[in-house]
Amino acid sequence: MIASLRDKHFRRRIRENAEAYAYLAPASLVLLVFWFLPVLLSFVVSFTNYRGGDPIPTKEIWAKVTGHALPEEAPDAMGMEVRKPRFVGLTNYRNALTDAEFRKVLYNTLNYSLYSVPLTLLVSLFVALLINSKIKCVALFRTVYFLPFVTTWVAISIVFRYFFHREFGLANDLLMSAGLPRFDWLEEPRGIFEMFFGQFGLHFHHPLLAGPSFSLFSIILTSIWRDLGYYMIIFLAGLQNIDRSYYEAAEIDGAGKTQQFFRITFPLLSPTTFFLLIISGINAFKVFIPMLIMTPNGGPDGTTNTIVFYLYQKGFTGTWRLGYASAVAYILFLIILILTLIQNRVFGKKVHYD
Amino acid sequence: MNAASVPTTTLALAGALPWPLTAVLAVIAASIVWGVWKSRRIGYWYPLGRVFIYIALSIGAFFMALPFYWMVASSLKSFEESVAYPPTWIPMERETYAQRDGQRVRVRTLGQPRDGIAEVGFYGKPPSGDNVFKIPADSLEQVSRIRLLWENYPQTWRRPNVVSWSPRENVAPSRPDSLWSAMAYPFSAIEYHSDNVFRRVAEIWRGQPPYLLSFTRYFWVSLITGLVVTIGTFFTAALAAYAFSNMNFVGKGLFFYIVLATMMVPGQVLLIPNYIILEKLGWIDSYNALIVPWLASVFTIFLMRQFFMTIPRDLWDAAQIDGSGRFGYLWRVVVPLSKPVIITAAIFNFLSNWNSLLWPLIVTTKPEMRTLMVGLQAFNTEAGSEFHLLMAASTIAILPVVVLFFFLQRFFIQGIARSGLKS
């Protein structure tokens, strides 16, 4: 290592390094201030009782200051008073993990991911296979299936909130004209398995066994409708990457269609499937928008209260318990990390690369 | 859905179906059987017959398109029709006519007919006294006409048109007189604090003056933030990606893995601390809060880096011989060559910003700084049961991106396929 500044080559190396850092500077600055700093700050805040504000107890203050009492109709608390945050250690985490509402929130999120991910992937794989076969109007079908993905979640949630309305919605109208009974789409608190098996006398009470509530299932249907196009396009790209010669060789060897699918198509699609599994799994845990718009109060019996919605509710509404919400956010981070590791471990070895 | 309806479902599915559904299911079953039989003979490598494929895809396409149709059709209905039971598929106007004194007059039914006698009142007059009479229900004439209520759209657009005002500024709210003033050019603030046009622009950027609200304002905020974020991420990502792909520097590997690690952490962890930081900076309710945190996009950096690495070194050597520096080489050679990746990244960044709800919801409190998505969500909360207006608002929100999609279809689909394969 030439350490002397009088050396021309050393000076040039420093200049080149400085130039590279200058190129990285804009992006790094933004990432530093709005990514690294927040990650640390979030960790620190989760150990405090930082609150956006406490409601000011108007009646007490008025009584103390003036000696009179405010009339009964006056609100108990008005405005917000920001307190200095206090370090409380693991209290937030302990509160979160022992809170019954949070446990229900975890079950809801798990139910949502457990059913939306496989259903979406299966349906989009099926559609991709159909579109990939030699039919006419491929472009038309592809556009129609992809179009829902181009729309925004907010607008779609509003439309489906109307679509799934118990009285005025089209969903129940379709069912009625087919002779099937109406469903309480967004207001039904019972789990789908509980609903189906309950009529045979087999009742499930545990939230995981009873399945997602029918209102959560309506939201799952909405997300399947929307995400189908995206996964279909990726599957199509993966399918088109498979060499025709594999199929021709299999034909010669006398393999049937089903055999060809399970021995050729599916294994060669596994990198794509694996990638989509992770992406959709992570996204399913972060779902928020449909819950906010279709069931703004957390759903019937709190069954559509997912973890990000809970975070928003506790942290940015009501008393703005930002410290607690930070702890919840870190728990979410941990869950996603564990989930990704598990998926890597379980499915990683089954992925066939060319 | 009550306890009695679930057995009914099962029974219905077991065979006691109404004839249209049975017919459709029979056709599908028959085509499956025929398709499977046919594909045993043909040397195609997919297990189902072509007819079944067309039928299945068409049924799927119908369900894909149905919510769109429902949205647009409902947006053209009147309020009564949007909450009618059963819901109508085509926006219609129902008029009831009755014979009175040898004349055909328009009436309105009041309540359900009893014993075949209906109580009706003259249309447009209060239902009391002489204006109400009873006639046999059969003699009423119902006329249905297709009517598209286009007025819903201007009504929706103007709906958030109360001047939002800050209590500290003491500006009283007032309603704008005309549609034109309601669709006001976004710079028409009610009250500026400075005369200088540059200071006024700074005020607008800081989100200070109260505005005439309408969907124009929501669109404007979303557009400005989307454009600035897209352009900003292009510049920061091009520079950073160039450094990662073409330069060698101390700590390159470490830097790279740190940047890679940013993708592991979910955005929700950053929400709360970013809010705290923005509050301390005083950026809440300004364009800064909506734009600056998004000026670096790790996805864009990676995308560009992948592409820059495929550009042959000979080009750089040739440029160096011609006396070009690294900066000039980047902007004059590398970037023009990377147009497809740049467009893909631009679409991705613009759409991420356009579609985001949680972040703008948190960093804005004033109605005039709402983005389109936040405006929609607020509209949903305010006008919760006026479904015809809600559907009009949704159509308004979806339309721009759908139109954009039809022009840039190739880039959309290419971009997604590309990002999927590069896993």
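Throughout, read-outs are computed from the coordinates displayed, never taken from laboratory work. In this text the structure is predicted, and so the values were computed from the model without any measurement. All Cβ positions, even for glycine, are placed from backbone atoms using ideal geometry, and neighbour counts span all protein chains on display.
Using the Cβ-Cβ distance between B:T365 and B:Q320 with R0 set to 41 Å, the FRET efficiency from 1/(1 + (r/R0)^6) comes to roughly 0.20. Here the translational diffusion coefficient of region B:265-346 follows from Stokes-Einstein with Rh set to the Kirkwood radius across Cα pairs; for 25 °C and 0.890 mPa s it amounts to 157 µm²/s. A crude spin-label estimate for the pair A:D253 and B:Q99, with each label 7 Å from Cα along the Cβ direction, gives 8.3 nm.
Give the dimensionless ratio obtained when the Cα radius of gyration of the protein assembly as shown is divided by 2.2 N^0.38 Å.
Its radius of gyration relative to the 2.2 N^0.38 Å reference: 1.10.
Over region B:362-423, the hull volume per residue, using the convex hull of the C-alpha atoms, is 137 Å³.
All C-alpha pair distances within region A:89-136, sorted into 5 Å bins from zero, spread as 4, 18, 13, 12, 11, 9, 8, 7, 6, 5, 4, 2, 1 percent across the bins.
The Rg/Rh ratio of region A:158-270, with Rg taken over Cα atoms and Rh as the Kirkwood radius over Cα pairs, comes to 1.18. Quick check: from the Cα gyration tensor, does region A:140-189 come out rounded (a/c under 1.5), prolate or oblate? Oblate shape, in that a/c is at least 1.5 and b/c is the bigger or equal ratio. A P(r) calculated from all alpha carbon pairs of region B:300-415, with 10 Å bins opening at zero, reads 11, 28, 24, 18, 12, 6, 1 percent. Loop-located GluC sites (Glu not before Pro) in region A:161-223 (DSSP state other than H, G, I, E, B) with a sparse environment of at most 16 neighbouring Cβ atoms within 10 Å: A:E167. With an a/c value of 1.5 or above and a/b not larger than b/c for the gyration tensor axes a ≥ b ≥ c computed over the alpha-carbon atoms, chain A is described as oblate. What the Cα atoms of region B:65-113 give is an Rg and a Dmax of 14.8, 49 Å. Here B:N248 and A:V351 are evaluated by their C-beta separation; at R0 = 41 Å the FRET efficiency comes out at 0.80. Springs between Cα atoms under 10 Å define the GNM used for chain A, and in it the highest mean-square fluctuation of A:M176, A:M294, A:M232 occurs at A:M176. Note on A:36-48: average number of Cβ atoms from other chains within 10 Å of each residue's Cβ is 4. Which pairs break 22 Å Cα to Cα here: B:K280/B:K366; A:K84/A:K314; A:K59/B:K280; A:K104/A:K314; A:K286/A:K314; A:K286/B:K366? Those over the limit are A:K59/B:K280; A:K286/B:K366. Can you check what the net charge comes to around A:H206, using other residues whose Cβ is under 14 Å from the Cβ of A:H206 (Lys, Arg +1; Asp, Glu -1)? After counting each charged neighbour, the total is +2.
Per the helix-only calculation at 222 nm, which mean residue ellipticity applies to chain A, given -39500 (n - 2.57) for every DSSP H run of n ≥ 4 and division by its residues, nearest 500 deg cm²/dmol?
Calculated from helices alone, the mean residue ellipticity at 222 nm is -20500 deg cm²/dmol.
Residue ranges B:220-231, A:235-246, A:83-94, B:361-372 sort as B:361-372, B:220-231, A:235-246, A:83-94 when ordered by packing (mean number of other C-beta atoms within 10 Å per residue, highest first). Identify all aspartates and glutamates with a Cα-Cα distance to B:K77 below 15 Å; exclude those on the same chain that are fewer than 8 residues away in sequence. Cα-Cα hits under 15 Å: B:E93, B:E95, B:E151, B:E386. One chain, two ends: B:D115 and B:A23. Fully extended at 0.36 nm per residue, the span grows by 29.3 nm beyond their Cα-Cα distance. The per residue volume of the convex hull around the alpha-carbon atoms of region B:249-302 is 108 Å³. Based on the Kirkwood approach, the hydrodynamic radius assigned to region A:282-328 is 10.8 Å, with every pair of different Cα atoms included. Please state the shape class of region B:220-290: rounded when a/c is under 1.5, otherwise prolate if a/b exceeds b/c and oblate if not, all from the C-alpha gyration tensor. Because a/c hits 1.5 or more and a/b fails to exceed b/c, region B:220-290 counts as oblate. Once you treat every alpha carbon in region A:207-354 as an equal point and sum by Debye, what is log10 I(q)/I(0) at q = 0.10, 0.14, 0.18 Å⁻¹? Per q value, in the given order, log10 I(q)/I(0) is -0.52, -0.85, -1.13.
Take the Cα of B:Y257, step 7 Å toward its Cβ, do the same at A:F196, and the gap between the two points is 4.7 nm.
Note on A:L70 and B:E80: the model spin-label points, each 7 Å out from Cα along the C-beta direction, lie 4.5 nm apart. Between amide H atoms placed 1.01 Å from N, distances below 5 Å from A:T48 occur with A:V88, all of them 5 or more places distant or on a separate chain.
Note on region B:187-345: Kirkwood radius taken over Cα pairs, Stokes-Einstein applied at 25 °C and 0.890 mPa s, translational D equal to 132 µm² s⁻¹.
Report the percentage of all Cα-Cα pairs in region A:217-293 whose separation exceeds 21 Å, rounded to a whole percent. Here the tail beyond 21 Å accounts for 44 percent of pairs. If you average the alpha carbon positions of region B:294-309 and of region A:292-354, how far apart do those two centres end up, in angstrom? So the two Cα centres are separated by 27 Å. Percent of Cα pairs in region A:91-207 per distance bin of 5 Å, from zero to the largest separation: 2, 8, 10, 13, 17, 18, 14, 9, 5, 3, 1, 0, 0.
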